[in-house]
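Heads up: the structure comes next, in structure tokens.
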Amino acid sequence: MSERGKLIVFEGTDGSGKTTQMRLLAGYLSGMGVSVCMTHEPTESPFGALLRACMSKKIDADERAIAALFAADRIDHIQNPETGMLAMLNAGATVLCDRYYFSSYAYNGGFVPLEWVIELNRPARELLRPDLIIYLDLPAEEGMARVGRRGATERYENLERQTLIREKYFEAFERFRDEENIVVIRSERTPEDTQKKIRRAVSGLFGGVQ
Ligand code: TMP
């Protein structure tokens, strides 16, 4: 049986460069002979489709309903026998996941009580905890400038909300700092510079290979 893969999660406010950096890391790890799967939340499942409709403002829903849906999507994302992260990890793949439960703490915990969101996500946290969480840190103003260049804005994409969400991330990191492996990497320089720092952080998981 192959050794279980690692779970590396990317977190950050909107426009922080997670998706680009995750793709760069996937290419790098594949080149090192590591078997890599990339995934994201909200997922491609029916739960994820509903959430994307909420994010793009096609559907308006109560923040509590949204928080609960994210938690449901996440449990399916862990447990689904075909598309689930546990299945991928158990098959020996290293999984790179764009957003996980800290997104819920920061985004949804900004608008409904954080304690409730933590409780809602307890099953996910008990089922699957990341080996490493990479938080790409960018001032909210810079993130919004990048998002603005993309065109249409989503549910949480305004300066006031992004500022609150960034604060919530740090509040949650502080709270779980003894239980989770979190690295904060500043993302306002070049993508190459950010990627170099990410590779350094990740190398520890693979016996220091760089
Ligand atoms: P993105 O991954 O393309 O940045 O967009 C996903 C959006 O969904 C983003 O606004 C953050 C939001 N979100 C939550 O509010 N809670 C969650 O648990 C997750 C995974 C995402």
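The values are calculated or read from the model by the stated rules, or taken from the named source; none is laboratory data. These figures come from a predicted structure and were not determined experimentally. Glycine also receives a Cβ, built like all others from the backbone with ideal geometry; neighbour counts cover every protein chain displayed. For accessibility, only protein heavy atoms count, side chains too; no ligands or nucleic acids. Shrake-Rupley method; radii C 1.70, N 1.55, O 1.52, S 1.80 Å.
Values for this structure:
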quantity: Members of region 101-143 found to be within 13 Å of residue 12 (Cβ to Cβ) and among the β-branched types (Val, Ile, Thr), listed by number; calculated: 133, 134
quantity: Residue check for residue 89: part of a strand (DSSP E or B) and either in contact (Cβ under 8 Å) with a residue 60 or more places away in the chain or under 19 Å from residue 21 (Cβ atoms) (or both); calculated: no
quantity: Residue check for residue 73: within 16 Å of the ligand (Cβ to nearest atom) and touching a Leu at 6+ places or on another chain (Cβ under 9 Å); calculated: yes
quantity: Qualifying residue in region 195-207 (condition: among the β-branched types (Val, Ile, Thr) and buried (at least 17 other Cβ atoms within 10 Å of the Cβ)); calculated: yes
quantity: Residue list for region 1-51, restricted to those being touching a Gly at 6+ places or on another chain (Cβ under 9 Å), more than 20 Å from residue 173 (Cβ to Cβ) and basic (Lys, Arg); calculated: 4
quantity: Subset of region 160-177 (residues that are open to solvent by 80 Å² or more (accessible area, probe 1.4 Å) and either over 19 Å from the mean Cα position of the chain (by Cα) or among the hydrophobic types (A, V, I, L, M, F, W, C) (or both)); calculated: 160
quantity: Checklist (1) surrounded by 19 or more Cβ atoms within 10 Å (Cβ to Cβ); (2) more than 23 Å from residue 61 (Cβ to Cβ); (3) within 14 Å of the ligand (Cβ to nearest atom) applied to residue 94, failing item; calculated: (3)
quantity: Checking residue 80 against (1) modelled with pLDDT under 95; (2) open to solvent by 10 Å² or more (accessible area, probe 1.4 Å), the condition it does not meet; calculated: (1)
quantity: Region 116-154 - residue that is open to solvent by 40 Å² or more (accessible area, probe 1.4 Å), within 19 Å of residue 98 (Cβ to Cβ) and among the basic types (Lys, Arg) and, of those, modelled with the lowest pLDDT; calculated: 150
quantity: Members of region 8-38 found to be away from the ligand (no atom under 11 Å from the Cβ) and either hydroxyl-bearing (Ser, Thr, Tyr) or within 11 Å of the chain's Cα centre (by Cα) (or both), listed by number; calculated: 8, 20, 28, 30, 35
quantity: Neighbours by Cβ (under 9 Å, 6+ apart or cross-chain): first from region 157-185, more than 18 Å from residue 141 (Cβ to Cβ); second in a strand (DSSP E or B) and open to solvent by 60 Å² or more (accessible area, probe 1.4 Å); calculated: 173/184
quantity: Residue match in region 173-180 (condition: at pLDDT 90 or above, part of a loop (DSSP other than H, G, I, E, B), touching a Ser or Thr at 6+ places or on another chain (Cβ under 6 Å) and within 22 Å of residue 6 (Cβ to Cβ)); calculated: no
quantity: Answer residue from region 4-62, given it is out of contact with any strand residue (DSSP E or B) (no Cβ under 9 Å at 6 or more places or on another chain) and of a type in the set (S, T, N, Q) and is surrounded by the most Cβ atoms within 10 Å (Cβ to Cβ) among those; calculated: 43
